[in-house]
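The structure appears below as structure tokens.
The values are calculated or read from the model by the stated rules, or taken from the named source; none is laboratory data. Here the structure is a predicted model, which means the values were calculated and not measured. Every residue, glycine among them, receives a Cβ derived from its backbone with ideal geometry; neighbour counts consider all protein chains shown.
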Amino acid sequence: MKLVGDQIYLRLYKTSDARDLASLQTRNREFFQRVSPLLPEAFYTEEYQKVRLQQALKKTDEGQLYPFGIFLKANDKLIGDISLTQITRGDLQSCYTGFTLDKEYNGKGYTTEALQLVVDFAFKELKLHRIEAGAMPDNIASIRVLEKAGFQKEGIAKENLKVNGKWTDHQILAIISSLDV
């Protein structure tokens, strides 16, 4: 599955992406760590990423998770990832989204474009009603990306996620589908 934008495209990961994903995570380890839970050393290995992708793709088959790589159209380079997670059906029809982008490519509109593609996919293809995201209140760049894609602030989730061993608050943002599904 491929979602194509102007500068980038999203593609569901394959297990063969493990090496590139491990490289992306390793190159950006310090950059991503500012806003991430503590990860084991093995996380940065190709083997760990391969197992992680296999588990994720099993959840994709079950309709619970859609893990996309963000690739540059110009050269097919993996520069980030974005996922739809914790997909809930029934009366909720909702999910969460999260994203990372290689520090070298920040500020060029790639994450905003990726988020718009994944929101369209979630609403039009998966027929979801609501997508939620969270960002640490001082992560202005991520909050700005979410707002540019139409997400609106809903409040602060107190001590929502353990980042670097410390419970941190998160600004909760969400977008609601305007489609009548």
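Give me the residue from region 80-104 that is aliphatic (A, V, I, L, M) and under 12 Å from the mean Cα position of the chain (by Cα) and, out of that set, surrounded by the most Cβ atoms within 10 Å (Cβ to Cβ).
Looking only at region 80-104, we keep the residues that are aliphatic (A, V, I, L, M), and these are 82, 84, 87, 92, 101.
Now narrow it down to the ones that are under 12 Å from the mean Cα position of the chain (by Cα): 82, 84, 101.
Details: 82: 21, 84: 22, 101: 25.
Restricting to residues being aliphatic (A, V, I, L, M) and under 12 Å from the mean Cα position of the chain (by Cα), the top hit is 101.
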Go through (1) surrounded by 14 or more Cβ atoms within 10 Å (Cβ to Cβ); (2) on the phi < 0 side of the Ramachandran plot; (3) not in a helix (DSSP H, G or I) for residue 150 and report which single condition fails. (2)
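State whether one or more residues within region 107-114 are among the aliphatic types (A, V, I, L, M) and not in a loop (DSSP other than H, G, I, E, B). Give the steps one after another, and end with the answer.
Within region 107-114, the first condition is being among the aliphatic types (A, V, I, L, M), and the residues that meet it are 114.
Narrowing further to those that are not in a loop (DSSP other than H, G, I, E, B): 114.
The answer is yes, given that some residue of region 107-114 is among the aliphatic types (A, V, I, L, M) and not in a loop (DSSP other than H, G, I, E, B).
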Select from region 119-144 the residues that are among the basic types (Lys, Arg), over 18 Å from residue 155 (Cβ atoms) and either in contact (Cβ under 8 Å) with a residue 60 or more places away in the chain or not in a helix (DSSP H, G or I) (or both) and list them in ascending order. 127
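From the list 83, 94, 36, which residue is among the polar types (S, T, N, Q) and modelled with pLDDT under 95?
Values: 83 fails: modelled with pLDDT under 95; 94 fails: modelled with pLDDT under 95.
So the residue among 83, 94, 36 that is among the polar types (S, T, N, Q) and modelled with pLDDT under 95 is 36.
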Do you know which of the residues in region 162-181 that are touching a Gly at 6+ places or on another chain (Cβ under 7 Å) and touching a residue at least 40 places away in the same chain (Cβ under 8 Å) is surrounded by the most Cβ atoms within 10 Å (Cβ to Cβ)? 175
Looking at 79, 70, 87 in this structure, which one is more than 22 Å from residue 19 (Cα to Cα), in a strand (DSSP E or B) and aliphatic (A, V, I, L, M)? 87
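Test residue 135 against the criterion of being under 24 Å from residue 24 (Cβ atoms), of a type in the set (Gly, Ala, Ser), buried (at least 17 other Cβ atoms within 10 Å of the Cβ) and within 15 Å of the chain's Cα centre (by Cα), and give yes or no. Talk me through it step by step, then tell me what you get.
Values: under 24 Å from residue 24 (Cβ atoms): yes; of a type in the set (Gly, Ala, Ser): yes; buried (at least 17 other Cβ atoms within 10 Å of the Cβ): yes; within 15 Å of the chain's Cα centre (by Cα): yes.
Spelling it out, residue 135 is indeed under 24 Å from residue 24 (Cβ atoms), of a type in the set (Gly, Ala, Ser), buried (at least 17 other Cβ atoms within 10 Å of the Cβ) and within 15 Å of the chain's Cα centre (by Cα).
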Filter region 1-20 down to residues that are hydroxyl-bearing (Ser, Thr, Tyr) and either more than 18 Å from residue 114 (Cα to Cα) or part of a helix (DSSP H, G or I) (or both), then give me how many there are. 2
